[in-house]
1. Among H66, H140, which comes first, then next, by fewest other beta-carbon atoms within 10 Å?
2. Can you match Cα extents along the principal axes in Å to one of these, [x] 58, 25, 25; [y] 57, 28, 24; [z] 56, 30, 21, based on a calculation from the structure here?
3. How far is the Cα center of segment 66-98 from the Cα center of segment 117-147, in Å?
4. How far is it, in nm, from the label point at S142 to the one at C19 when both lie 7 Å from their Cα along the line to the Cβ?
5. Between M57 and E36, how high is the FRET efficiency from 1/(1 + (r/R0)^6) when r is the Cβ-Cβ distance and R₀ = 25 Å? Nearest 0.05.
6. How far is helix 27-37 tilted off the main Cα axis of the chain, in degrees rounded to 10, range 0 to 90?
7. Which angle from 0 to 90°, rounded to the nearest 10, does the C-alpha axis of helix 130-139 make with the longest principal axis of the chain?
Amino acid sequence: MPLDEGPGYFEFDPALEICLYLPRAEDDSAETLAAEWADCSQLVMVDVSEGRRMGDMGLKALTRLHQLRELNASACGISNEGIEFLFEMPNLQRLNISHCTGIGDLGLRRIEQMRNLRWINLRGCPRVTQNGLKRLAKNHRSLEVFR
């Protein structure tokens, strides 16, 4: 039976971990994804990269996915203010916000307080300065920064 004609739900092997890719994400599509997958404990990674029309409100919607360990929001319209929403994702360990031109040193100050975060990609964030990176390295020593 074609997937679009099925019963409207899926059952996954409990031993599986699920990663979703939502190409060209927008705030509304992020909201839909979060609403449909919020109760799936097996969902551990979401990739909304290249979602230039997904900004802070889309990121806020994704915070319903408390179980996420990894988020790729590369080249999205996220700003320093949107970083605040990431605190609602307590299991987040890996974060790719490369090429998010709205992220700068102010956003890094919030990221340094995310103690479960272990890896971050800040490549192509022109508002992130060397001073901001030094402060981040000093205040979050367990964080591996890719720049």
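A short reminder: the numbers here are calculations on the coordinates, not readings from a lab. Values in this document were obtained by computation on a predicted structure and should not be read as measured data. In this analysis, Cβ positions are derived from the backbone assuming ideal geometry, glycine residues included, and neighbour counts consider all displayed protein chains.
1. H66, H140
2. Of the listed options [x] 58, 25, 25; [y] 57, 28, 24; [z] 56, 30, 21, [z] comes from this structure.
3. Their Cα centres are 14 Å away from one another.
4. Going by the 7 Å Cα→Cβ label model, 2.3 nm.
5. 0.90
6. Between helix and principal axis, roughly 60 degrees.
7. On a 0 to 90 degree scale, this one is about 70.
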